[in-house]
Ligand code: NAD
């Protein structure tokens, strides 16, 4: 039966989006979101979402990604709790105006930087850490005193609907909303005027978001991805290094994490030892049939499964597999897979892998790795394993990435005193801890003067004598 025009209407269109934004603007305009008390109460409520619904969150993440409970808890729920707790502890300090120095030109005067909310914020999040990446930016937006709309990813539908339910139950609906949906709904949202858009996802859609934002001169925070490399030097504690590479790759949503190691660069001489160590530790962690392991997430959906198997099946690549390669299409599982010496013009080396495949490239001298990294677009993260002080310094000085870690992977994400964000193609702007508050605040410059000390030198007539002063 042909569907009626009414049935064809998308579930949430531009008109609905406009009405919603106007309501939120009304609420923001009333000043309620600016008070310390409102911010505190909303942060407390968000903390309750994480504290009171752990099992439902774990279940949703299992349904969307077969995410192991340990990862769901440690990498999503507990990270959100920490963000809320830190914001609650520091909120008064963050909100305080910051004294600023004045100059002789303005003497006598005083100055300060006042953090004011931006207004109504749109947060669009991704499917891979669908709980944390949705609510963590919300912490910053609320702490800074804004009204917020969150659009979770449709590719993690169980988490998306749980977020809609819990935010509806716990948060102030006059100022905080969730809109579920896919491209049509996100496009309807992007048609509106926002005061800031925070987008987490890939660079292709990042460009769409930025183009929409440009129409209204809306600033954007873009949390994107890239190919995050790991450089492995010889003379290291190989077992510890291997374990830390594995946990950053397969232990983070089976490689479907923005800062998971994407590829390794090591020397030709050291590569065989590294491969042996990876094989040994992978078997220790996931057994000899990793397709059955309960400690590995599945691939999110059949499109991503097809994308990853295409990378693996390219002619240039198929002979290079030194471990893994097994797959289970029905259950959307791919075993941890290591490839050695893949060609640099292969597909796998020319897009973000975002899955359980790990190519190893070899160079003659480890220093050459940095040129190789810098010849590509700037990654979100870069890692180096070494005991060589000069090499560490060279790495920090020459490699441009959102963040760097020496002798571990991914853990910079858990340091709230560090900004988390990309550079170049891996994104713009940063958040986490106080940086989240700052990301959703305007830093207003304020100068205070009295009426004394009114030097006539600045006033016309502009005589030659005044110019010499
Ligand atoms: P995704 O498919 O969930 O898309 C992200 C969001 O964009 C979703 O909410 C989706 O509805 C929306 N979207 C998709 N197509 C759109 C369109 N045409 N117009 C408007 N909106 C649209 O996630 P993804 O992009 O597959 O996420 C993976 C990417 O995100 C990787 O590149 C990864 O590195 C990056 N990532 C970055 C971070 C970070 O913090 N920097 C975190 C996670 C993921």
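Conditions (1) exposed (fewer than 14 other Cβ atoms within 10 Å of the Cβ); (2) more than 20 Å from residue 351 (Cα to Cα); (3) at pLDDT 95 or above, marked per residue:
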residue	(1), (2), (3)
371	yes, no, yes
389	yes, yes, yes
396	yes, yes, yes
399	no, no, yes
405	no, yes, yes
408	no, yes, yes
427	no, no, yes
439	no, yes, yes
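Of the numbered criteria (1) away from the ligand (no atom under 14 Å from the Cβ); (2) free of Cβ contacts under 8 Å to residues at least 12 places away in the same chain, the one residue 218 fails is (2). Could you run through the stretch 375-398 and say how many residues are part of a loop (DSSP other than H, G, I, E, B) and within 21 Å of the chain's Cα centre (by Cα)? Residues that pass the stated criteria total 5. Kindly indicate the residue of the stretch 182-212 that is within 6 Å of the ligand (Cβ to nearest atom), within 15 Å of the chain's Cα centre (by Cα) and not in a helix (DSSP H, G or I) and also farthest from residue 137 (Cα to Cα) among those meeting that condition. This residue is 202.
Restrict the check to the stretch 146-164 and report whether at least one residue is assigned to a loop (DSSP other than H, G, I, E, B), away from the ligand (no atom under 15 Å from the Cβ), under 25 Å from residue 21 (Cβ atoms) and more than 21 Å from the chain's Cα centre (by Cα). Scanning the stretch 146-164 turns up no residue that is assigned to a loop (DSSP other than H, G, I, E, B), away from the ligand (no atom under 15 Å from the Cβ), under 25 Å from residue 21 (Cβ atoms) and more than 21 Å from the chain's Cα centre (by Cα).
Just one of the numbered conditions (1) more than 20 Å from the chain's Cα centre (by Cα); (2) within 22 Å of residue 148 (Cα to Cα) is not true of residue 62: (2).
Counting residues in the stretch 105-116 that are closer than 26 Å to residue 249 by Cβ, touching a strand residue (DSSP E or B) at 6+ places or on another chain (Cβ under 9 Å) and either touching a residue at least 60 places away in the same chain (Cβ under 8 Å) or outside any helix (DSSP H, G or I) (or both) gives zero.
Regarding the stretch 367-380, can at least one residue be identified that is in contact with a strand residue (DSSP E or B) (Cβ under 9 Å, 6 or more places away or on another chain), within 16 Å of the ligand (Cβ to nearest atom) and free of Cβ contacts under 8 Å to residues at least 60 places away in the same chain? Looking for residues that are in contact with a strand residue (DSSP E or B) (Cβ under 9 Å, 6 or more places away or on another chain), within 16 Å of the ligand (Cβ to nearest atom) and free of Cβ contacts under 8 Å to residues at least 60 places away in the same chain, one finds none in the stretch 367-380, hence no. Within the stretch 306-315, identify whether any single residue is part of a helix (DSSP H, G or I), within 16 Å of the ligand (Cβ to nearest atom) and over 22 Å from residue 360 (Cβ atoms), and answer yes or no. Looking through the stretch 306-315, at least one residue is part of a helix (DSSP H, G or I), within 16 Å of the ligand (Cβ to nearest atom) and over 22 Å from residue 360 (Cβ atoms).
Can you find even one residue in the stretch 448-463 that is out of contact with any strand residue (DSSP E or B) (no Cβ under 6 Å at 6 or more places or on another chain), in contact (Cβ under 8 Å) with a residue 40 or more places away in the chain and within 13 Å of the ligand (Cβ to nearest atom)? Even if it seems obvious, please write down each step before you answer.
From the stretch 448-463, those out of contact with any strand residue (DSSP E or B) (no Cβ under 6 Å at 6 or more places or on another chain) are 449-463; that's our starting set.
Now restrict to residues that are in contact (Cβ under 8 Å) with a residue 40 or more places away in the chain: 449-450, 452-453.
Right, trim to within 13 Å of the ligand (Cβ to nearest atom) and you get none.
No: zero hits.
Scanning the stretch 330-352 for residues that are within 27 Å of the chain's Cα centre (by Cα) and within 20 Å of residue 68 (Cβ to Cβ), we see that the one that is surrounded by the fewest Cβ atoms within 10 Å (Cβ to Cβ) is 332.
The values are calculated or read from the model by the stated rules, or taken from the named source; none is laboratory data. Just so we're clear, the structure is a prediction, and the values are computed from it rather than from any experiment. Don't worry about glycine lacking a Cβ; one is built from the backbone with ideal geometry, like all the others, and counts go over all protein chains shown.
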